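Since every read-out is calculated from the coordinates, none of them should be taken as a lab result. None of the values given here were measured: they were computed from a predicted structure. Here Cβ is always computed from backbone atoms with ideal geometry, including for glycine, and neighbour counts include all displayed protein chains.
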Amino acid sequence: MEFKLKTISPEGIEAALSKVELYRFLNEPEEAESICQDVLAVEPGHQLALRFLGLAITDQFSGDPTDRYAEVENAFQQLTDHYEKLYYTGLLYERRAKAQLRARRPPHTLLVLLEEAMRCYEEAEKIRPTGNDDPILRWNRCARLIHAHAESDWHREVELFEMGDTAP
C-alpha cells in the first residue's frame, strides 16, 4: 500500500506554522520539520516556513557527520532578507559548533565554526533593524563559549593542528 502525502490548504498555513512553534517548544523538532515541509509544498519559498525548517533541523543536530548542514544552509540561503540570511546562517554555524562540542569533537573544528558564526553576526549587526540586538546577543554567546574553553586545551590543540601535528 502506498501512502501518498496529502496537501494542506493555503488557508491552513498560518495555523500550521503556529504548531511548528509549539512542537519546537515541546522539543519535537521532527514534528515541526514535517509541518514546514507541508507548508513549503503548498507555498515554496514561504519565508517563515524556511526559517522554521532550518531551525527545526538544527534542533536535531548531534555533532554527527550525518547532521543535515547542507539542508539548513539551503533553507537559509532562500531567505530574501539579507539580514535574516546572515543572522540565520550564523545560527547554523553556532548550533553546529554546539552540537560538535556536546559530541566532544576536536576543538579546532569548533573554533572555526564559532568564528564563522561570529563573522555572520557581525555582518548582520551592521544592517540589523533598529532596536534588534539579536546578532549582538548571539555574538556575545559565541565569545563566551570561546572564553569558557580558553583555559582548556583548545588553543594548544589548534596550534598543533595548524602546525600539522595532531598528537596531544
Sort Arg68, Arg102 by Cβ crowding within 10 Å, fewest neighbours at the top.
Arg102, Arg68
Among (1) 18.2, 59; (2) 15.9, 47; (3) 21.6, 78, which one is Rg and Dmax of the Cα atoms in Å computed from these coordinates?
(1)
Can you give the helix-only mean residue ellipticity at 222 nm for the chain, where every DSSP H stretch with n ≥ 4 adds -39500 (n - 2.57) and the sum goes over all residues, rounded to the nearest 500 deg cm²/dmol?
-21500 deg cm²/dmol
Listing Met118, Met1 from the residue with the fewest other Cβ atoms within 10 Å to the one with the most, what is the order?
Met1, Met118
With bins of 10 Å, the percent of all Cα-Cα pairs of the range 1-60 per bin from 0 is 25, 54, 19, 2
In degrees, nearest 10, range 0 to 90: what is the angle between the Cα axis of helix 13-25 and the longest Cα principal axis of the chain?
40
Please compute the Kirkwood hydrodynamic radius over the range 59-121, one decimal place, Å, based on all pairs of different Cα atoms.
11.7
The chain: angle of helix 47-58 to the longest principal axis, Cα-based, in degrees nearest 10
50
